[in-house]
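Peer 1: For reference, the structure I am asking about is given below.
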Amino acid sequence: MKLSDYLKAMPRGYRFTLAEKIGCHPVYLSHIATGYRTPSPKMAVDIEQATNGAVTRFDLRDDASEIWNTNS
């Protein structure tokens, strides 16, 4: 699932809660959701964990299979 779709499905203000969980600024999280920025590998994993796998590292990074050595 795309991060933008995940955030749209969450209650108003959840972006702030998620940003706090992963330790980033809400604006930076919005930049990731819109594709303006790419999260670091660590942040991609943090987002995956904070969303309970709804948004995976493979959804967030085009090069995820190269980073984590999988063929997903």
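The values are calculated or read from the model by the stated rules, or taken from the named source; none is laboratory data. If you're wondering where the values come from, they're calculated on a predicted model, not measured in any experiment. Quick reminder, even Gly has a Cβ in these numbers, built from the backbone with ideal geometry, and neighbours come from all protein chains shown. Accessible surface areas use protein heavy atoms only, side chains included; no ligands, DNA or RNA. Shrake-Rupley method; radii C 1.70, N 1.55, O 1.52, S 1.80 Å.
Peer 1: Placing unit charges on C-beta atoms (Lys and Arg positive, Asp and Glu negative, everything else neutral), compute the dipole magnitude of the chain about its Cα centre in debye, rounded to 20.
Peer 2: Around 280 debye, computed over the chain.
Peer 1: Follow-up question, since we're still on this one. Around F58, under 13 Å between beta carbons, what's the net of Lys plus Arg minus Asp minus Glu among the other residues?
Peer 2: On the way: positive: K2, R57, R61; negative: E48, D59, D62, D63, E66.
With Lys, Arg at +1 and Asp, Glu at -1, the net is -2.
Peer 1: What is the set of long-range amide H partners of T56 at a cut-off below 5 Å, with H atoms built 1.01 Å from backbone N?
Peer 2: none
Peer 1: Would you list which aspartates and glutamates come within 19 Å of K42, measuring only between C-alpha atoms, while excluding same-chain residues fewer than 8 positions from it?
Peer 2: E20, D59, D62, D63, E66
Peer 1: Right, something else. Of all trypsin sites (Lys or Arg not before Pro) in the chain, which ones are in loop regions per DSSP and have a Cβ with at most 10 other Cβ atoms within 10 Å?
Peer 2: On the way: sites: K2, K8, R12, R15, K21, R37, K42, R57, R61; in loops: K2, R12, R37, R61.
In loop regions of the chain (DSSP not H, G, I, E or B), the sparsely surrounded trypsin sites (Lys or Arg not before Pro) are R12.
Peer 1: Reachable aspartates and glutamates from K21, Cα under 12 Å, same-chain residues fewer than 8 places away excluded?
Peer 2: K21 reaches D46, E48.
Peer 1: Just the accessible area for E66, please: 1.4 Å probe, Å², rounded to the nearest 10?
Peer 2: Its accessible surface works out to 140 Å², give or take rounding.
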